[in-house]
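Quick notes on the structure that follows.
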Amino acid sequence: MTTDALFDVLVIGSGAAGLATALAAAPRRVALLTPGPEPAADGASRWAQGGIAAALAADDSPRLHAEDTLIAGAGLNDPLAVARLTASAPGLIAWLQTLGARFDRVGAALALGREAAHRRARIVHAQGDATGAEVMRVLAAAIEACSHLTFASRRTAFALTRDAAGRVVGAWVQGPGGSELWRARAVVLASGGYAGLYRYTTNPPGSDGSGIALALAAGAALADLEFVQFHPTALAPHDDAHGQLPLLTEALRGAGAVLLDARGKRFMPALHAEAELAPRDVVARAVWCEAQRGGAFLDATVSIGAGFPQRFPTVFAACMDRGIDPRAQPIPVVPAAHYCMGGVRTDAACATSLPGLYAVGEAACSGVHGANRLASNSLLEGLAHGRALGAALASRPLPEPGAALPPQRRWQPLPAALRARLGDLLWRDAALRRSGDGLARAEAALATLAAEVPAASSGRDLLVLAAAMLAAMRARRRSVGAHFRVDAEAVAAA
Ligand SMILES: Cc1cc2nc3c(=O)[nH]c(=O)nc-3n(C[C@H](O)[C@H](O)[C@H](O)COP(=O)(O)OP(=O)(O)OC[C@H]3O[C@@H](n4cnc5c(N)ncnc54)[C@H](O)[C@@H]3O)c2cc1C
């Protein structure tokens, strides 16, 4: 099917970044595509627990927030992008409140949590640990009221389309009735990250990097693919499970929960001055090592205890589902792929290297996060950049697109068994501890896998993305931020 309609803006993905872009682009005619049945149904945004970072406290400032962001990113961030983002954060919280977001309060003031590597309490949260759900609730309600917007559910983009001049002018999309062409004057990738490719992840299955893969296939420049953040504390699976594991938010450690080894002894104080609140990658590697040795556990029995169900209802429910009562017993944990700093390279205007193509949120690599993301900076980034891009697209003339060229690939996703093999090979050799030998082994396994997948298919594009990740990990021979090479001297203690 080919839609005759020409939209001003095509937004691919309906997470926080996509919805913010679509809202802010009014009164432009916007098409918003998502694989799920409704706007807030899929993507990582609704799973976000801890919150949104913003310098709101009297002892805080956007400058301090920026400094913490640069330290977490090991200085590989773009300082101007960081300064712009942290300066925009207080206004963004106010905007969400005008949309109706109900954030947790202490008296009249917003309650501010503290997470690892933040020197101030600056995490705005909702219902304890359900911030993403609250943000998505208000954004989804806001887009319902918009007449400039066409929302198309059950649609997955599998190729970008360009005109004869090389400008991106739309996307080929798999819909309920087959392939469709969606044309637009500007195309925005808001399709999330690729952490869901790993065997253990905190992300839903749709965070598979498919949007980034189609940008790569169209020739867009990617950046920083080696920087994948692993969350130290996901609820350990019962068995040989693959895929999304419940996250045990960092706010638990912020509230005093401690990590124990299999003998019940704390191991973080010996490894880092900040102990359990050390940077995420330091804690994640320590948990990985303890998990190999016999198990790692998060103990909140003393620090949170009876207050657990009220303070962390989402985590409490996930633990109880697994038969673990966190008020009375330590919770078994493993690290899991959580957030991707890398993505489609963008400039200050969210423009990619391809004319007509923009990227926001986790799909983009805007330079904000550097080698490691500071906790709770990503909802902020997606929302702030989405709003800014939408407003920019609304306020300037958009060029007339040329005729779309036919698709260069066909819709053919990776079969589940091959996707599981991909997850395994990334988990084994491209996760928390990497080496040249391990990465070479992963590349060989990936080549074997690729031989089973037809060329010019959407499934093959995911493998090409995985190959680009491995190449980036190989090319960075020294450890920095979230990238840890066991075969090279660590250059940053992170
Ligand atoms: C468990 C968990 C907890 C987190 N907690 C926090 C937190 O407390 N604070 C914080 O700042 N960040 C947190 N994060 C990270 C944060 O949630 C994400 O970085 C952020 O929500 C990404 O938003 P996004 O809009 O870019 O992508 P997403 O919310 O992932 O949305 C992507 C959208 O694109 C769609 N899509 C994907 N591929 C295609 C395609 N090919 N065609 C069409 N549509 C496509 C998806 O279905 C989805 O609708 C957390 C993440 C997880 C998983």
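Couple of notes before you dig in:
- Here the strands (runs of 3 or more DSSP E) wholly within the stretch 242-355 that include at least 1 residues being out of contact with any helix residue (DSSP H, G or I) (no Cβ under 7 Å at 6 or more places or on another chain) and closer than 18 Å to Phe230 by Cβ are 296-299, 331-340.
- Residue within the stretch 29-36 that is within 11 Å of the ligand (Cβ to nearest atom) and of a type in the set (A, V, I, L, M, F, W, C) present: yes
- Identity of the residue in the stretch 374-393, near the ligand (Cβ under 8 Å from one of its atoms) and either part of a loop (DSSP other than H, G, I, E, B) or in contact with a Gly (Cβ under 6 Å, 6 or more places away or on another chain) (or both), that ends up nearest to Ala48 (Cα to Cα): Ser376
- Hey, Ala164 more than 24 Å from the chain's Cα centre (by Cα) and at pLDDT below 95 or not: yes
- Among the criteria (1) within 17 Å of the chain's Cα centre (by Cα); (2) within 13 Å of the ligand (Cβ to nearest atom), the one Gly73 does not fulfil is (2).
- Some residue of the stretch 236-248 being without any contact (Cβ under 8 Å) to a residue 12 or more places away in the chain and either farther than 26 Å from Ala430 by Cα or aliphatic (A, V, I, L, M) (or both): yes
- Sole residue being surrounded by fewer than 24 Cβ atoms within 10 Å (Cβ to Cβ), within 14 Å of the ligand (Cβ to nearest atom) and either outside the structural domain of Arg373 (by TED's automatic domain parsing) or at pLDDT below 95 (or both), chosen from Gly243, Gly256: Gly243
- Taken together, Ser353, Ser366 contain a single residue that is more than 15 Å from the ligand (Cβ to nearest atom) and among the polar types (S, T, N, Q), which is Ser353.
- Selected residue (only one of Pro35, Pro39, Pro79 is over 22 Å from Leu110 (Cβ atoms), free of Cβ contacts under 8 Å to residues at least 24 places away in the same chain and under 23 Å from the mean Cα position of the chain (by Cα)): Pro79
- Residue within the stretch 318-329 that is of a type in the set (A, V, I, L, M), surrounded by 23 or more Cβ atoms within 10 Å (Cβ to Cβ) and closer than 30 Å to Glu276 by Cα present: no
The values are calculated or read from the model by the stated rules, or taken from the named source; none is laboratory data. Everything numeric here is computed off the predicted structure, so don't read it as measured data. Glycine gets a Cβ as well: all are built from the backbone with ideal geometry, and neighbour counts include every protein chain shown.
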